[in-house]
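Q: Would you mind keeping the following structure in view while I ask a few things?
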Amino acid sequence: MKQAMTPEEIKEKKPYLDWSLSEKEYDYISEKLLHRLPNYTETGLYSAMWSEHCSYKKSKPVLRLFPNKNDRVLQGPGEGAGVVDIDDGQAVVFKAESHNHPSTVEPYQGAATGVGGILRDIFSMGARPIASLDSLHFGELSDAETRMKVDGVVRGIGDYGNCMGIPTVAGETTFDPCYKGNLLVNAMSVGLMDQKNQQEGNASGVGNAVMYVGAKTGRDGIHGATFASADFGSGNESQHSAVQVGDPFMEKLLMEACLELIQDHAEWLVGIQDMGAAGIVSSSAEMASEGNSGMDLDLDLVPQREPGMSAYEIMLSESQERMLLCVKKGHEEDVKKIFDYYDLEVVTIGRITEGHQYVLHHDGQVVCDIPVSTLTDDVLEVESEEKKPQRLIDAEKEANWVPEIDDVAVVYQELLTQPTIADKSWITRQYDSQVRTSTVVGPGSDAGVIRVRGTKKALSMTTDGNGRLVYLNPYVGGKIALVEAASNIIASGALPLAITDCLNYGDPTDPEIFWELHHSIEGMAEACRVFDTPVISGNVSLYNENNGSAIYPTPMVGMVGLIKDAKYVIPSRVQHAGDKLYLVGKTGDDYAGSELQKMMTGDIAGTLADFDLEHVHDYLSRLLQAEQSGLVASAHDLSEGGLAVAAAETVFKTELGLNADFRALDKKQFFSETPGRMLVSVAPENVAAFEEIMQDDAMPAGEVVATQWLEVHLANAELNLPVTQMQKLWEEALPCAMKSKD
Amino acid sequence: MTTVRIYVTYKQSVFDPQAESVLNAIHQLGHEEVKDLTVGKFFDLQVEGDQAAVENTVKEVAESLLVNFNIETYKFEVLEAK
Amino acid sequence: MKIAVIQFPGSNCDIDLYSALHDVCNADVEYVSHKATSLDGFDAVMLPGGFSYGDYLRAGAIARFANVMPAVIKLANEGKPVFGTCNGFQILTEAGLLPGALKKNDSQKFVCETVPLEVVNNNTLFTTQYQAHERIALPIAHGEGSYYADEKTLDELEANHQVVFRYASENPNGSLRNIAGIVNKRGNVLGMMPHPERAVEALLGSTDGLRLFKSLLENGTVKTEA
């Protein structure tokens, strides 16, 4: 195979600039690391491995701000997924990953392979995936192209997860104009395992085999890693070749085979890793680096779907449904038998060697011979400039918008039909949420809940990202993102354990955007410490821009919580007439970034009030204690649309109504979005004990009634609305918006 | 070697909502002159043997696997014979 | 009564069927590989939901050629109970053990929700613990569940009381005559799109499916002699 350019030509013509490797990095590699010029293949490998997607070279300095340890954390960031102790020798394994760029270009395949990739991260750790979640952010549905993208993304997530037989149990979907040209698809997967089965991406032991399993390698997704790290200009069509195609059936077989190997024959296995971004090179180099080993691979042995692939293409292909194993010498045939049963391709493509060199053979030539660590550990961290965004400085000089509400019923009903607020069943019905028969709470509640078979335990899970608030105040918005997730978990009756995240931002070389990244991480990190929910995994997605305009900074928090006894899973909807209502947490005048503001003014603006994290944590912890004592009949977190929307949602799809006493609030406060609040119902016999625990932090707010009416008393308004009619508006809004023709 | 293309479609009597919605989309694009449409799938097979043997093989493959006669029907054509 | 749950490549509701039978009904149940060639020693066989062979070509079309299928057909011909849910139903029609076929949903979309059903025939091996015309609710989760058969076949199904379950409210997939589940003429092979195995525990929201398995376990092989 002849190479496209000689090392000298590469130095002169600088093709690496197109692969997102800077001249400074190239010079550093040739002068300081190799002491020679890298050849074509080597240059390609460096540009992929040194991309932000693989190396986090730009975000690392701020990612260090996150706490990532506590007594329960068994594995923090750096492996396929994070691992948390859930007692009884069991662990929950989870991670989220963004697939924004591929999904923007090809919504169906982009979303599908996003799900596939995150599932491989989970089972490569030795865990069986038990649930999927997603966080989706689109442009406005009035745009026909956006509607097609919504349809494609939802089908992609559904088709992959449904075929794999992993229930999709929770998630969120929002709509804002900033995501029009760069939508966000963040997929999260949660797995369960016995702690003894925990694996790592490690390759060591001289002579041990490096085995390739799964789908053949094709040219799909070449440079996907750098593609994900580059600005999104116009002319996306030319990038179509970078999108991978998923095969969930192959992945299902791969999962069963890998889990069989791990659970029944762990002694044959040294390490295992998914071939994700930057394909074979990232998985093999990371494994060798982790094992402090050398590695020698023969690329002619790699199963190939297309003829004539170059070494560079083979190494960087992001063909899906492939795994790399390090297997003890002498057990290659044993391992092969397992994969043979599932009709999966399995080939020994190389060996662990003495020393630390990463050597690749192709067509009888050595095409790469470099120290492993230069790919993985020597990446130059980038010091980024940062500057407080001008819009924030300007906003501080202006008074915040205050809504003027005339007819509260009209505003209320209109709010329920906003796509971000409206019922998401049109989406969630396309996902199998019950397969594996462990789903205690499926889509449409604060959090999804999965029981742990054979125990009394259950796991609660949620994804939350509110870009609007982070845009208006990255620090406070970051805190709110975490509090929102924790509130959802606690609403379900679970103790928050830990989080994963997807950090979705614009171009970090813009100092204002880096400032957003930095300060939102500070806010999230502070809240993580207060709630004792360390960050155990996650990913960073930068350059989410379209024609120079960035998305809202949108950190997505994926949180998992533990319910010790599934008997105390708390529903989000009211249960019995006569139960007493409480509003937990104080309500302020928080309209900046609210759904109400967007609906009434067409945009979001203003500044966010800071809040006392310690106090919120204190009363939410007491609420959890009340839930675990069986004192709480239902609990629903307040988020977009505030108390108004939460009150409606607690009675929708029930046969009950409310007689709600919110006389402490005025009309506009009914829609305020002050963080850290919850609408709770308590059976009359538990009222005294509940109030004893909650003290001043739960305000009595009326009761649940047997008639399907929402009777609401505010300081300056009275409402009495039929639940069924409101529910109809709420249910029909999304299907109707998806059908509109223009 | 003969290249044979097998077309599989729903029988006329079977309602195909996919065809309906594609036709609707075509009309929305302004092409009212498109009056009907059939959606189906095709399979290109490279088959060894003489013409009679090839036809036999094709029929057997189509009728045992590729077609569900409860709802589908098929036809085939020879694209290329070498 | 010893029950086999067949695992095809791509089956994914196998664990659901197994645990409904094993954990909830205390039944004697075993997984059997699609590569097995004999079902000797089993009194009943169940084909689970999922995406056998990726549902490529047509749902169930490739599974019907699996090694185990001749044994399934043999067992059915012996009059022993055969049950298929979702993908299992699709396989049973593809294999010719049940008439008709399952098309893509009219909406062209996968649909997962709990739907009301009418128990049309409570006089089968699988339904004796239900009341005649009782309304129950079971989850569905499929993309290709629109039951189709020609008019003559549909009339025969009705005349022979082979329609066992019907969608009782909105038709979720376009099935002709709202058919959700049918038995063969002999009454020992039941196929249905809804998932009774997903409705056997109160913790998960419903127990309406439990009586199907209890009916079968109670009736066992007794009625099949008829």
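Q: Treat the count of other C-beta atoms within 10 Å as a stand-in for reagent exposure and order A:Leu17, A:Leu392 from fewest to most. Don't jump to the answer; show the numbers that get you there.
A: Details: A:Leu17 12, A:Leu392 17.
With the sparsest Cβ surroundings first, the list reads A:Leu17, A:Leu392.
Q: Can you pull the percent of Cα pairs in the stretch A:650-705 with separation above 14 Å?
A: Numbers: 997 of 1540 pairs.
Summing the P(r) tail past 14 Å for the stretch A:650-705 gives 65 percent.
Q: Now for a separate question. Treating cross-link reach as a plain straight distance, find the aspartates and glutamates whose alpha-carbon is under 16 Å from the alpha-carbon of A:Lys13, omitting any fewer than eight places away in the same chain.
A: A:Glu23, A:Glu25, A:Asp27, A:Glu42
Q: How about the stretch A:356-429: which GluC sites (Glu not before Pro) there are in a DSSP loop, with at most 16 other Cβ atoms within 10 Å of their Cβ? Kindly include the intermediate steps, with their values, before the conclusion.
A: Values: sites: A:Glu381, A:Glu383, A:Glu385, A:Glu386, A:Glu396, A:Glu398, A:Glu404, A:Glu414; in loops: A:Glu381, A:Glu383, A:Glu385, A:Glu386, A:Glu398, A:Glu404.
Those satisfying the criteria are A:Glu381, A:Glu383, A:Glu385, A:Glu398, A:Glu404.
Q: Counting other beta carbons within 10 Å of each residue's own, what order do B:Tyr74, C:Tyr31, A:Tyr471 fall into, fewest first? Display every interim value, and only then the final one.
A: Working: B:Tyr74 19, C:Tyr31 15, A:Tyr471 25.
By the 10 Å Cβ count, ascending, the order reads C:Tyr31, B:Tyr74, A:Tyr471.
Q: For the pair A:Ala689/A:Glu267, report the inter-label distance in nm, with labels modelled 7 Å from Cα in the Cβ direction.
A: Inter-label distance under the simple model: 5.1 nm.
Q: Another question, if that's okay. Mind scanning A:Lys32/A:Lys336; A:Lys60/A:Lys337; A:Lys457/C:Lys214; A:Lys580/A:Lys739; A:Lys457/A:Lys667 and naming the pairs with a C-alpha gap bigger than 32 Å? Kindly include the intermediate steps, with their values, before the conclusion.
A: On the way: A:Lys32/A:Lys336 42 Å; A:Lys60/A:Lys337 41 Å; A:Lys457/C:Lys214 27 Å; A:Lys580/A:Lys739 40 Å; A:Lys457/A:Lys667 42 Å.
With Cα atoms farther than 32 Å apart: A:Lys32/A:Lys336; A:Lys60/A:Lys337; A:Lys580/A:Lys739; A:Lys457/A:Lys667.
Q: Under DSSP H, which helices of chain A have Cα atoms covering 18 Å or more of the helix axis and a Kyte-Doolittle average no less than -0.5? Provide the component values of the computation, followed by the final result.
A: On the way: long enough: A:107-123 (24 Å, 0.39); A:144-164 (30 Å, -0.25); A:248-265 (24 Å, 0.24); A:474-491 (25 Å, 0.97); A:511-531 (30 Å, 0.10); A:613-628 (22 Å, -0.58); A:723-739 (24 Å, -0.19).
TM-like helix candidates: A:107-123, A:144-164, A:248-265, A:474-491, A:511-531, A:723-739.
Q: Lys and Arg at +1, Asp and Glu at -1: add these up for the other residues within a Cβ distance under 10 Å of A:Glu381 and post the number.
A: Result for the local shell: +2.
Q: At 222 nm, what value in deg cm²/dmol follows for chain A if DSSP H runs of at least 4 each add -39500 (n - 2.57) and the sum is divided by all its residues, to the nearest 500? Don't skip to the answer; put the middle values down first.
A: Details: 25 runs with 254 residues, N = 742.
That comes out to -10000 deg cm²/dmol.
Q: In nm, to one decimal, how far is the modelled label at C:Ala202 from the one at A:Ala577, with both set 7 Å along Cα→Cβ?
A: About 2.3 nm, to one decimal.
Q: What is the ratio of the Cα radius of gyration of chain A to 2.2 N^0.38 Å, with N the residue count, to two decimals?
A: Numbers: Rg = 26.1 Å, N = 742, 2.2 N^0.38 = 27.1 Å.
So the Cα radius of gyration is 0.96 times the expected 2.2 N^0.38 Å.
Q: Given Cα pairs under 8 Å that are at least 6 residues apart, what percent is the relative contact order of the stretch A:7-50?
A: On the way: 29 pairs, mean separation 20.5, N = 44.
With pairs under 8 Å counted, the relative contact order is 47 percent.
Q: Rounded to whole Å, give me the distance from the Cα center of the stretch A:328-365 to that of the stretch A:452-467.
A: For the stretch A:328-365 versus the stretch A:452-467, the Cα centre distance is 37 Å.
Q: Oh, and also: Gain in length, A:Glu732 to A:Leu34, computed as 0.36 nm per residue apart minus the alpha-carbon separation, to one decimal in nm? List each step's numbers first, then the result.
A: Details: separation 698, 0.36 × 698 = 251.28 nm, distance 6.23 nm.
That pair, A:Glu732 and A:Leu34, stretches by 245.0 nm at full extension.
Q: To the nearest 0.05, what FRET efficiency results for C:Thr37 and C:Arg177 with a Förster distance of 41 Å applied to their C-beta separation? Kindly include the intermediate steps, with their values, before the conclusion.
A: Working: r = 37 Å, r/R0 = 0.91.
It comes out at approximately 0.65.
Q: Sticking with this one: Mind checking B:70-82 for the average number of partner chain beta-carbons within 10 Å of each residue's beta-carbon? Don't skip to the answer; put the middle values down first.
A: Numbers: counts 12, 10, 3, 0, 0, 0, 0, 0, 0, 0, 0, 0, 0.
The per-residue average across the peptide is 2.
Q: On to the next question. Can you tell me the FRET efficiency between B:Tyr7 and C:Glu156 if r is taken as the Cβ-Cβ distance and R0 is 30 Å, rounded to the nearest 0.05? Before the final figure, lay out each step's value.
A: Values: r = 31 Å, r/R0 = 1.02.
For B:Tyr7 and C:Glu156, the calculated efficiency is 0.45.
Q: With an 8 Å cut-off on Cα pairs and a minimum separation of 6 or more residues, tell me the relative contact order of chain A in percent.
A: On the way: 1880 pairs, mean separation 112.4, N = 742.
Over chain A, the number comes to 15 percent.
Q: Hey, got the dipole for chain C? About the Cα centre, +1 on K and R Cβ, -1 on D and E Cβ, debye to the nearest 20? Let's see the in-between values first.
A: Values: 19 positive and 26 negative charges, 69 e Å.
Computed charge dipole of chain C: roughly 340 debye.
Q: Ok, one more. Going by Cα centres, the stretch A:107-174 and the stretch A:700-735 are how many Å apart?
A: Their Cα centres are 33 Å away from one another.
Q: What are the aspartates and glutamates whose alpha-carbon lies under 15 Å from the alpha-carbon of A:Lys252, with same-chain residues fewer than 8 places away excluded?
A: A:Asp121, A:Asp159, A:Glu260, A:Asp274, A:Glu321, A:Asp340, A:Asp343, A:Glu345, C:Asp14, C:Asp55
Q: Here's a follow-up. Just add up the charged neighbours of A:Thr168: K/R +1, D/E -1, any other residue whose Cβ is under 10 Å from the Cβ of A:Thr168. Provide the component values of the computation, followed by the final result.
A: On the way: positive: none; negative: A:Asp134, A:Asp432.
With Lys, Arg at +1 and Asp, Glu at -1, the net is -2.
Q: A further question follows. Most exposed first by the Cβ proxy, i.e. fewest other Cβ within 10 Å, how do B:His31, A:His617 rank? Each step should come with its number before you reach the end.
A: Values: B:His31 11, A:His617 19.
Going from sparsest to densest Cβ surroundings: B:His31, A:His617.
Q: Compute the distance from the alpha-carbon center of the stretch A:176-226 to that of the stretch C:146-191, in whole Å.
A: Here the two parts' Cα centres lie 44 Å apart.
Q: Further question on the same structure: Could you work out how far helix B:17-28 tilts from the main Cα principal axis of chain B, as a 0 to 90 degree angle to the nearest 10?
A: Between the helix axis and the principal axis of chain B, the angle is about 50 degrees.
Q: Here's another thing I want to ask about it. Looking at the stretch A:641-718, which GluC sites (Glu not before Pro) are DSSP coil and have at most 14 other C-beta atoms within 10 Å of their C-beta?
A: Answer by residue number: A:Glu655.
Q: Across the stretch B:1-79, how many lysine pairs, 8 or more positions apart or on different chains, have C-alpha atoms separated by under 14 Å? Please give the number. The partial results should precede the final answer.
A: Numbers: B:Lys11/B:Lys41; B:Lys11/B:Lys75; B:Lys41/B:Lys75; B:Lys59/B:Lys75.
The number of close lysine pairs in the stretch B:1-79 is 4.
Q: Tell me, what is the percent relative contact order of the stretch B:1-79, built from C-alpha pairs under 8 Å that lie six or more residues apart?
A: On the way: 93 pairs, mean separation 45.0, N = 79.
Result for the stretch B:1-79 is 57 percent.
Q: Still on this structure: On a straight-distance basis, which aspartates and glutamates could pair with A:Lys69 in a cross-link, Cα separation under 19 angstrom, same-chain partners fewer than 8 positions away excluded?
A: Straight-distance partners of A:Lys69: A:Glu79, A:Asp85, A:Asp87, A:Glu200, A:Asp501, A:Glu522, A:Glu526, A:Asp532.
Q: Distance from a point 7 Å along Cα→Cβ of A:Glu718 to each backbone N in the stretch A:659-674: keep the residues under 19 Å and list them by number.
A: The answer is A:659-668, A:670, whose backbone nitrogens lie closer than 19 Å to the label point.
Q: Also: With a sphere of radius 9 Å drawn around the Cβ of C:Arg177, what net charge do the other residues whose Cβ falls strictly inside it have (Lys, Arg +1; Asp, Glu -1)? If you can, show how the numbers build up before the last one.
A: Details: positive: C:Arg166; negative: C:Glu158.
Around C:Arg177, the surrounding residues sum to 0.
None of the figures in this text is laboratory data; all of them are computed from the coordinates on show. Just so we're clear, the structure is a prediction, and the values are computed from it rather than from any experiment. Cβ: placed from backbone, ideal geometry, glycine included. Neighbour counts: every protein chain shown.
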